[in-house]
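> Okay, handing you the structure first.
Read-outs: derived from the displayed coordinates by stated rules, not from any lab. In this text the structure is predicted, and so the values were computed from the model without any measurement. Because the Cβ atoms are built from the backbone with ideal geometry, glycine has one as well, and the counts that use them run over all protein chains shown.
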Amino acid sequence: MELNMACPCCSKDRTFWLRALHNILPTYSNLVVRGIQVEDLCCVCSLPGFNHEDRSVTCGMVLRNCQGGVILSVSKGFKGFHSPLQAEFQALLFSLEIVYQEGLLAQQVESHSSMAITQVQKRVSSTSEWLSLVLDINQFSILYGVHSFSYIRKVANELAHNIAKTHSFHEDLLIWRFMLPHVPCT
């Protein structure tokens, strides 16, 4: 294909294609790689509801944009956990996997478990059997662009808590896009 350089439209096309070939278009991922803060980075909240009787857990997660608007709400049940701390690690890992599957980047991950957050930040685990979970969380966080893990009080994580509590009998993955599920007031 030959481009006519006298035509202003052709020079715009040429510039676009050259930028695309050299991977310098200002796409979301290119801006993030260059360290430019993009407005639409998300925050993940995750909270499991742990059942001591059958060792099951329900993860409730809310993905928000920087303005606090809901992008995604998720609930999923899991079985076979030994402790609430192990469930917290699984909830953090599950949240990162959902963010990745949705093609998003999480700037910050929040949890109401200060012990889980501390161990993830230090890349250590109080129990050797959970160290692989902690290392997986750290590996995924590097790949997915997480800048920090933060502790938040349970009352500040009420949306995720209510999702986990309301959908605690579902093992299926439940996803609500751009909205919250109907959750009765507690």
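> Let's see if you can work this out: charge +1 on each Lys and Arg Cβ, -1 on each Asp and Glu Cβ, no other charges. What is the dipole magnitude of region 60-186 about its Cα centre, in debye to the nearest 20?
On the way: 9 positive and 9 negative charges, 54 e Å.
Computed charge dipole of region 60-186: roughly 260 debye.
> Another one. Given a Förster radius of 35 Å and the C-beta distance between residue 33 and residue 155 as r, what FRET efficiency does 1/(1 + (r/R0)^6) yield to the nearest 0.05? Could the numbers behind the result be given before it?
On the way: r = 37 Å, r/R0 = 1.05.
Efficiency at R0 = 35 Å is approximately 0.45.
> To continue, here is another question. Which value does Rg/Rh take for region 56-132 over its C-alpha atoms, Rh per Kirkwood? Walk me through the numbers before you get to the answer.
Details: Rg = 13.0 Å, Rh = 13.4 Å.
Taking Rh as the inverse mean 1/r over Cα pairs, Rg/Rh reads 0.97.
> By how many nm would the segment from residue 101 to residue 143 grow when fully extended, if each residue of separation counts as 0.36 nm and the alpha-carbon distance is taken off? Let's see the in-between values first.
On the way: separation 42, 0.36 × 42 = 15.12 nm, distance 1.25 nm.
That works out to 13.9 nm of additional length.
> If r is the Cβ-Cβ distance from residue 121 to residue 14 and R0 is 30 Å, what FRET efficiency results, to the nearest 0.05? Could the numbers behind the result be given before it?
Values: r = 48 Å, r/R0 = 1.61.
Working from the Cβ atoms, E equals 0.05.
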